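One structure is given here, and the rest of the page talks about it.
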Amino acid sequence: MPRFCTNLTMMFTEVPFLDRFNAASAAGFAAAEMLSPYDAAASEVRSAADAAGVAFALYNTPLGDTPGARGHGAIPGGRDLFRAGFEKAIAYAEDLQPDCIHVMAGLAEGGAAEETFLENLAWAAAQAPDQRLAIEPINNRDIPGYFLNTTDQAVRILDAVNAPNLGLQFDVYHVQIMEGDLTRRLERLAPRIFHVQIAGVPDRHEPDRGEFALNHVLSTLDRIGYQGWVGCEYNPAGRTEDGLGWMAAFR
């Protein structure tokens, strides 16, 4: 059976960020992921999660201060910004103890960008050998210009870095938009997958609304032996709690 975690950046936005842990717990979630925990002190985030009994599944490295920034991992000349951001993410990990940290690539393209990403990922994996890290292909419709777009590209990068603590973040929403063939990709990539996320395609609402069969995808995850969290990274069509009926079949 899948283990669902909620994305507190996108869900339960009816209440302030630190109050979302209690809302998530009341809705039946045992863990949370988020795009960024950095708007509050790590100790405050930890206290809110502990009070609610919610664990941390995943969060991202910092996006950056420039409007529209999406991280610095693959940006030539951005090494110092990347390292400072990664060190901040690891400092938060001392309190939050996430299962995984998503290393953001940023808006870049070309061979120099790939060389930069490889160098930065190798450095990051060596700096935090006991922390699982992931890279995520993101569709170029939602974030035009993002460096990493396909699972094939991600596998090439994972092979080149060859670090045991670096794996794949498989977002069904992004992969369906860019590549499709979800079942065969999940089967083939199973040993690489550190974290999974779901959302309905094409509107990124509840995962049972759209063009892929949620039951089949979740059954495939069971069949390939995936044991990690399944992140609900979607924008609720209405009030968050009103759209959670789809989870009942999987409890």
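Taken together, the values in this text are just the output of simple stated rules run on the coordinates, not laboratory data. Note that the structure is a prediction, hence the values are computed from the model and not measured. Positions of Cβ are backbone-derived with ideal geometry, glycine not excepted, and every protein chain shown enters the neighbour counts.
This model, with +1 at the C-beta of Lys and Arg and -1 at the C-beta of Asp and Glu, gives the range 172-251 a dipole about its Cα centre of some 280 debye. Here the chain is treated as a sphere whose radius is the Kirkwood value from Cα pairs; by Stokes-Einstein at 4 °C and 1.567 mPa s it diffuses with a coefficient of 71 µm²/s. In this structure the amide hydrogen of Trp229, modeled in the peptide plane, comes within under 5 Å of the amide hydrogens of Val196, none closer than 5 places in sequence on its chain. Rounded to the nearest whole Hz, the Karplus-based 3J(HN,Hα) values (6.51 cos²θ - 1.76 cosθ + 1.60, θ = phi - 60°) of the range 182-188 follow the sequence 4, 4, 5, 5, 4, 4, 6, with x at glycine and proline. For the range 219-235, putting each phi into the Karplus relation 6.51 cos²θ - 1.76 cosθ + 1.60 with θ = phi - 60° gives couplings of 5, 5, 4, 4, 5, 7, x, 5, 10, x, 6, 10, x, 8, 9, 9, 8 Hz, in residue order, rounded to whole numbers and with x for Gly and Pro.
For the range 192-207, 3J(HN,Hα) computed residue by residue from phi via the Karplus equation (6.51, -1.76, 1.60; θ = phi - 60°) reads 8, 7, 9, 8, 10, 10, 9, 6, x, 10, x, 9, 6, 9, 3, x Hz, glycine and proline entered as x.
Considering only DSSP beta bridges whose two residues both sit in the chain, what percent are antiparallel, to the nearest 5?
Values: 1 of 26 bridges.
Just about 5 percent of them are antiparallel.
With the convex hull drawn over the C-alpha atoms of the range 1-93, the volume per residue is 112 Å³.
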